[in-house]
Ligand code: C2O
Ligand code: CU
């Protein structure tokens with residue numbers, strides 16, 4: 001089968017044999033160290049219709065093994081690098097000890113080929129998180145270096161067979177259905193919407209079937225592990241309600257009509273109790289609905305148990321009366337953004353930005369600097385007002401802290417959700433607030449990984 005590289009695939013794969021969604025390998029790590037090894041590996045990203053792709057994998061699995069611990073426990077990972085290049089692991093969304101944040105070059109040196117590093121940290125909050133490479137992320141993550149990190153509540157509310165983790169990944173496949181590696185790092189991608197693919201896998205599998213039963217509540221944890229692809233999903237179309245975003249559970253389930261965006265790095269937990277047997281497609285709603293997995297519902301004796309949500313995590317509440325308010329203006333990129341950014345810069349400045357491959361800026365400054373963008377006293381509330389003066393959407397991630405999204409375009413939001421990654425559309429302003437309560441050096445960057453590599457990355461310090 002030949003693939004069209006540009007547009008999203010409308011294939012006949014649906015009519016071919018489908019695969020069951022694989023159970024992710026569980027790795028418990030509270031006792032001793034769990035070994036996590038990054039190495040070259042292979043997988044079929046386009047089912048048996050495509051060839052085997054050369055990937056970089058954790059423990060030879062796509063995605064990496066599901067690490068699962070209880071809230072308040074420790075994650076202890078002995079990480080071994082068998083790749084040909086240095087790497088590190090970041091534990092996305094965990095309010096973590098700074099030395100364990102895994103940012104190569106900021107919180108630790110990159111782990112060299114053949115070396116190892118012990119990660120050892122407590123997970124304060126329950127919920128759906130993930131881990132991924134954090135050195136040359138634009139290259140390492142979309143080759144397969146990511147996996148889920150699930151922190152269970154003390155009380156188990158969903159039995160294991162009804163608690164389903166789905167890692168969604170966007171791939172750019174060539175006409176043989178094999179990962180296109182030649183185009184990694186293409187400046188054109190960095191300059192535009194980032195590296196976009198033409199195929200989606202769920203837990204590493206093409207168009208899988210996900211088993212469900214009638215009459216029982218299921219919790220579905222979606223993780224967008226894509227390098228740049230924003231997934232527009234419509235939970236209402238398969239009878240699901242949203243109970244958590246970026247790991248943080250709501251006090252009640254939320255009915256969402258229409259499309260919910262799941263940007264790179266974001267997570268969304270759903271609950272659903274199918275009433276009928278049959279197939280419920282999981283679709284991407286960009287353009288024509290595009291099915292990339294199917295819930296297959298079979299008959300079961302409903303247990304009639306009511307839905308009980310886990311307790312919300314206790315996060316420090318921002319004090320808006322006494323906050324350090326800062327702008328975060330995004331500029332640059334193609335479609336006019338860069339032109340306006342460069343207008344009042346010296347030729348010298350422009351040349352050096354181009355030489356360093358920096359096309360995007362925060363507050364006029366391209367990429368990582370020696371000095372932090374700001375410093376905060378421990379416990380201080382930070383309010384960031386971001387303004388997107390580019391022609392592209394971005395997915396902004398703050399390390400080490402969850403923030404409340406207060407307002408969009410000046411309008412106070414009904415649900416000021418806790419998030420670790422927020423989306424922003426062209427011309428939009430988004431206001432977020434958090435308590436800088438975690439000492440150390442923390443990144444703020446776009447999770448469209450090519451954007452991060454070409455300027456959309458900065459840091460702040462809490463002391
Ligand atoms: Cu998941 Cu610095 O990122
Ligand atoms: Cu971006």
Considering every Cα-Cα pair within the stretch 43-92, what fraction, in whole percent, is farther apart than 12 Å?
-> 75 percent
Quick note on 165, 214, ordering by fewest other C-beta atoms within 10 Å, gives 214, 165
Hey, could you grab the Kirkwood Rh for the stretch 323-462? Inverse mean 1/r over distinct alpha carbon pairs, Å, one decimal.
-> 15.3 Å
Computed [θ] at 222 nm, helices only, for the chain once each DSSP H run of length n ≥ 4 contributes -39500 (n - 2.57) = -1500 deg cm²/dmol
Exposure proxy check on 169, 183, 226, 251: fewest-to-most Cβ neighbours within 10 Å is 251, 183, 169, 226
Rounded if a/c is under 1.5, else prolate if a/b is larger than b/c, else oblate: which is the stretch 281-382, with a ≥ b ≥ c the root eigenvalues of its Cα gyration tensor?
-> oblate
For the stretch 71-222, what is the relative contact order in percent, using Cα pairs closer than 8 Å and at least 6 residues apart in sequence?
-> 21 percent
Could you work out, for the stretch 187-298, what percent of all Cα-Cα pairs fall into each 10 Å distance bin, beginning at 0 Å and stopping at the bin that holds the largest distance?
-> 14, 44, 33, 8, 2, 0
Working out 0.36 nm times the residue gap between residue 463 and residue 115, then minus their Cα-Cα distance, what length gain in nm do you get to one decimal?
-> 122.2 nm
Sort 222, 342 so that the residue with the fewest other Cβ atoms within 10 Å of its own Cβ comes first and the one with the most comes last.
-> 342, 222
Here the chain gives, from Cα atoms, an Rg and Dmax in Å of 21.3, 72
Take the Cβ-Cβ distance between residue 409 and residue 355 as r, set R0 to 30 Å, and report the resulting FRET efficiency rounded to the nearest 0.05.
-> 0.25
Rounded, prolate or oblate (a/c below 1.5 giving rounded, otherwise prolate when a/b exceeds b/c) for the stretch 13-154 by Cα gyration tensor = oblate
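The numbers here are math on the coordinates, done by the rules we state, and not lab data. Because the structure is predicted, anything quoted here is derived from the model rather than measured. Positions of Cβ are generated from backbone atoms using ideal geometry, with glycine treated the same way; all protein chains shown enter the neighbour counts.
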